[in-house]
Structures are given as C-alpha cells and as structure tokens.
1. Would you mind stating whether GLY264 is at pLDDT 90 or above and of a type outside the set (Ser, Thr, Tyr)?
2. Hey, ILE216 hits all of (1) open to solvent by less than 50 Å² (accessible area, probe 1.4 Å); (2) part of a helix (DSSP H, G or I); (3) in contact with a Ser or Thr (Cβ under 9 Å, 6 or more places away or on another chain); (4) more than 15 Å from the ligand (Cβ to nearest atom) but one; which does it fall short on?
3. In segment 93-117, how many are open to solvent by less than 20 Å² (accessible area, probe 1.4 Å) and either closer than 23 Å to GLY162 by Cβ or in a loop (DSSP other than H, G, I, E, B) (or both)?
4. Return the residues of segment 127-164 that are touching a Lys or Arg at 6+ places or on another chain (Cβ under 7 Å) and in a helix (DSSP H, G or I); say none if nothing qualifies.
5. From SER209, SER193, SER275, grab the single residue that is under 16 Å from LEU163 (Cα atoms), modelled with pLDDT under 95 and either more than 16 Å from the ligand (Cβ to nearest atom) or open to solvent by 80 Å² or more (accessible area, probe 1.4 Å) (or both).
6. Based on what the data block shows, is ARG84 over 23 Å from THR213 (Cβ atoms) and modelled with pLDDT of 95 or more?
7. Answer yes or no: is there a residue in segment 46-60 that is modelled with pLDDT under 95 and either part of a helix (DSSP H, G or I) or surrounded by 18 or more Cβ atoms within 10 Å (Cβ to Cβ) (or both).
8. I'd like to know if segment 64-71 contains one or more residues that are over 20 Å from ALA148 (Cβ atoms) and aromatic (Phe, Trp, Tyr).
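The values are calculated or read from the model by the stated rules, or taken from the named source; none is laboratory data. Keep in mind that this is a model prediction, so the values were computed, not measured. Quick reminder, even Gly has a Cβ in these numbers, built from the backbone with ideal geometry, and neighbours come from all protein chains shown. Accessible surface areas use protein heavy atoms only, side chains included; no ligands, DNA or RNA. Shrake-Rupley method; radii C 1.70, N 1.55, O 1.52, S 1.80 Å.
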Amino acid sequence: MTRSLPLTAEERLWYRRQTVLPEIGEAGQERLKGARVLVIGAGGLGSPLLLYLAGAGVGTLGIVDFDLVEVSNLHRQILHRADRLDTLKTESAEATLRALNPHVTIVRHDCAIGRDNAADLVAAYDIVADGSDNFATRDAVHAACLAARVPLVSAAAQLTDGLLTTFKAWLGPPHPCYRCLFPDAPPQALTPSCAEIGVLGPALGLLGSMQATAVIREILEDEPGLSGTLLMVDAWRHEVAHTQLPRRAGCPVCDAPQPPVTGGNRLTSSPAESS
Ligand SMILES: [Zn+2]
C-alpha cells in the first residue's frame, strides 16, 4: 500500500469536505498526502487531472512535459493562461497548482519520456497517469510501469470521445496490458492528432476528472479498480459505456516471463507474492 503522512491542523481544515466522505476519511487523506503520482503530459487531459489531484491533496505530483504553452492550447488546457504563452507547460502548471494548493509538492520533469528514460522517471512514483497523445509514448510508459509494477491509469481523448482504463498486468490473468488493447503500433494515417481533427475541451475535462478519480481510488486501493474494464465516454451525447477488456491470448507482453521488479519503491505486490 501507499505510505501515509500525518495531516497538519491546517490540512484537516483544508480537506474537511473530502475527509467527511466515507470513501476517503482522515486515514484516506493521509494516504493521499503520502502518495507520489507521475502525470505524463500537462495538456488537455493533464490539466483537469492535475488540478483535481492537487486539489485533493495528493502529496507529490510529478509532471512530464517538454512543450511550450501555445495560443491554440488555451481552449482546453485549463492549467495555462494567455499571459504564459511560450513558457514551459511544466512551469505554467507548477504556478497554477502551487496557487491552488501550497501543501502539494510539484516535481517538474522538463523532458520527453520514452524508452530511454521511462524506467528512471517511473521509479520514484507509486502511480502513473498517462494523458499523452501518441502510441510510442504510451507504449514506453506502459512497459516501464509493468516492469516496476506501478499501476498505470491511462486516458485518451479525441473529437468529443474518450477512453479510460487502468493497467496492472503483473497481477496475472485476467488483468490485461496495453498491448492486449493495442497489439501493434497503429499506422500513422489511422492516428490523426488532436491538432488535425480537433477535440472538445469539456470532453477532456470529463475524461481528466474521471482519470483523477481512478488515481485517487488506486491510491486508496479501492477495489475493484478499472483494470480489465474499458470506459468509453461520449461527452457530446452524455454517454458512458463500460466494456470488459480481456487479457489477449498470445499477447507477447503478457506471455513473456516477468522480469525482476525494477525500482525500489513498489509496495503493491502480486497475489502470488502476498499469499
Ligand atoms: Zn497483454
């Protein structure tokens, strides 16, 4: 389980409307304070996600992004503002989140994340939340999380729709991995970016808020989580559908022998280890 840190008197007051919830309580709030969450991307999904995680008092938030704030971001990336154009998104995000909740520690990672550095970045965190916009990044982040046995809460959105699920494939069947859902890199022609086809700001707000809730539930180990379930959200029609996401027979990732755990901070063990 994630570590707990005691609350100060000010924090007890700060989170009172949240600790009164039976789902959270003061013990849950102490676990939120002790948790370290890495968010990939301070963009359309990362904005609502980081705002709600910081607001909720998740104690340490790492942010990975290398981009600058552009004017075309502002309709949806609500961490950023018109007076911060051309500044790093991580810098803008840090300013917004510090102003929202000074109790939270923000750790900036002003870089891209890929095969070469994902394991090092993931190693310092308990949970990763991915809001990136391409297969290569998602695949690299998933591989690092699987090797380190770090839950990965993954969301994606385009147009007015989005997907949300959690990957914890090291737990074994029936938990699927990212490659069970996407066996191969899709051809570039089939994966147009938001820049090409557009995305609705509130759809990202909806997905990012749901992703933040999933992260909070992972921190509190509220079962069953979303591993093995795919949420499909149609923001325009106000519809949310759940479908089972099975482990795929013949998946090269799931069928591969599990390597030793990387990193040193994993507190979540597989059933085999805990029995
Ligand atoms: Zn798999």
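1. So GLY264 fails the test.
2. Condition not satisfied by ILE216: (3).
3. 6
4. ALA140, ALA148
5. Numbers: SER209 fails: modelled with pLDDT under 95; SER275 fails: under 16 Å from LEU163 (Cα atoms).
Within the list SER209, SER193, SER275, the selection yields SER193.
6. yes
7. Taking segment 46-60 as the starting set, the residues that turn out to be modelled with pLDDT under 95 are none.
Within segment 46-60 (the criterion being modelled with pLDDT under 95 and either part of a helix (DSSP H, G or I) or surrounded by 18 or more Cβ atoms within 10 Å (Cβ to Cβ) (or both)), the answer is no, since none of the residues qualifies.
8. Yes, the conditions are met somewhere in segment 64-71.
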